[in-house]
Structures are given as structure tokens and as C-alpha cells.
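Peer 1: Supplied in C-alpha cells, the structure appears directly below.
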Amino acid sequence: MTDAEIRDLLLTTRRIAVVGASDRADRPSHGVFGFLLARGYDAVPVNPALAGRTVHGVPSVAMLAQAAPLDMVDIFRRSAEAGAVVDEAIALGARSVWMQLGVVDEAAAARARAAGLVVVMDRCPAIEWRRLALPAKV
């Protein structure tokens, strides 16, 4: 994706489900979830192990469907598990999927693009936000 496409995606997205969000402060998904909230996104942590508990004060849900409707699904899962999340995002009508650093599934990305979703892979929205010098809030 070009910088302009990433900028547009980050600035037009409003509701994000963070699949694999953690309540442990030492986990990247915890930091990124907090970063997204601080930027003004309506973000929902999705993690069956945390269902009902909070991450940065936001109640977690067990399944992606419980976070719908969605603009973006941000995936903090192993590459081998990302495809199932992408397929669910497609079924739920998400506008985009964002696979975090180290998460790569070309087949899932192709399915998402074929379904009309914007796909970002092997990148982090927090890093891209800073790199593109985006405003403090969406």
C-alpha cells in the first residue's frame, strides 16, 4: 500500500476490533490497543480468554461477531491463525483487515481483496501513524 492509502485508511476508520488484544502491559497488542483508543478510535478488544474483563477500561468480547459492526479488524494472531479471522471479517462486512508485524497470510489477503476489503499486512498502525505524522486524533 502507498503512504496515501494507509493515511486514508487510518483517517477514515472509526471502529476497530483488535483480535488478540491483551490485558498484559508487556504485550504489543496491549500497547497498540491503548494507542488506538488515545487516537479517538472506537476500539474493542477481542480475546476469548479475556471476555468480560477490561483492556484500557474497555470490556473485552470473546468473538469478533460481538464487536460488529466494524470498519477494521486488527489481527494480533499467528500467521497460521490469521486466515480464519480474515474470513470472519469478510463475513461480518468489515471494510479492512490489518495484519500486525510478522503476520502474513497471502491467501487470506487475496480472499479479503477479492471481497472488496482493504488489506494491510506485516505492519503496525501505531508505527505507521507516527511515521506518517498523522494528527493527534481521528
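Peer 1: What base-10 log of the normalised intensity I(q)/I(0) is obtained for the chain from the Debye formula, alpha carbons as equal point scatterers, at q = 0.17 Å⁻¹?
Peer 2: -0.84
Peer 1: Also, I was wondering about something else. Does the range 81-135 classify as rounded, prolate or oblate by the C-alpha gyration tensor (a ≥ b ≥ c root eigenvalues; a/c under 1.5 gives rounded; else a/b over b/c gives prolate, otherwise oblate)? Mind dumping the intermediate values first?
Peer 2: Working: a/c = 2.50, a/b = 1.71, b/c = 1.46.
Taking the square roots of the gyration eigenvalues as a ≥ b ≥ c, the range 81-135 is prolate.
Peer 1: Can you work out the Karplus-derived ³J(HN,Hα) for every residue in the range 4-10? Use 6.51 cos²θ - 1.76 cosθ + 1.60 with θ = phi - 60°, whole Hz, and x for glycine or proline.
Peer 2: Those phi angles translate into 4, 5, 5, 4, 4, 4, 5 Hz.
Peer 1: Fully extended, how many nm does the chain gain between residue 11 and residue 130 (0.36 nm per residue separation, minus their Cα-Cα distance)?
Peer 2: Roughly 41.6 nm would be gained on extension.
Peer 1: Output the peptides 80-89, 25-34 sorted from most to least packed, where packing is the average of other Cβ atoms within 10 Å over each peptide's residues. Walk me through the numbers before you get to the answer.
Peer 2: Numbers: 80-89: 19.2, 25-34: 17.2.
Output ranking for 80-89, 25-34: 80-89, 25-34.
Peer 1: Let me ask something else about it. Give me the extension gain from residue 92 to residue 138: residue separation times 0.36 nm, minus the current Cα-Cα distance, reported in nm with one decimal. Could the numbers behind the result be given before it?
Peer 2: Values: separation 46, 0.36 × 46 = 16.56 nm, distance 2.34 nm.
Extending this stretch completely gives an extra 14.2 nm.
Peer 1: Let me ask something else. Loop only per DSSP, at most 16 neighbouring Cβ atoms within 10 Å: give me the trypsin sites (Lys or Arg not before Pro) in the range 1-44, ordered by residue number.
Peer 2: Working: sites: 7, 14, 15, 24, 39; in loops: 14, 24, 39.
Listed in order of number, the matching sites are 14, 24.
Peer 1: Expected output is a single nm value to one decimal: the length gained when fully extending between residue 123 and residue 1, i.e. 0.36 nm times separation in residues minus the C-alpha distance. What is it? Show your work: numbers first, answer last.
Peer 2: Numbers: separation 122, 0.36 × 122 = 43.92 nm, distance 1.05 nm.
Full extension of this stretch gives 42.9 nm more.
Peer 1: Over the chain, what is the percentage of antiparallel beta bridges among all DSSP beta bridges, to the nearest 5? Could you put the intermediate results ahead of the total?
Peer 2: Numbers: 2 of 19 bridges.
Within the chain, antiparallel bridges account for around 10 percent of the total.
Peer 1: Where does the chain land at 222 nm, in deg cm²/dmol rounded to the nearest 500, when only DSSP H runs of n ≥ 4 count, each adding -39500 (n - 2.57), divided by all residues?
Peer 2: Details: 5 runs with 51 residues, N = 138.
Mean residue ellipticity at 222 nm (helix-derived): -11000 deg cm²/dmol.
Peer 1: Pop the C-beta distance of residue 114 and residue 42 into the FRET formula with R0 = 25 Å and round what comes out to the nearest 0.05. Provide the component values of the computation, followed by the final result.
Peer 2: Details: r = 27 Å, r/R0 = 1.09.
Calculated transfer efficiency: 0.35.
The numbers here are math on the coordinates, done by the rules we state, and not lab data. Note that the coordinates shown come from a computational prediction; the quantities given were computed from them, not determined experimentally. Don't worry about glycine lacking a Cβ; one is built from the backbone with ideal geometry, like all the others, and counts go over all protein chains shown.
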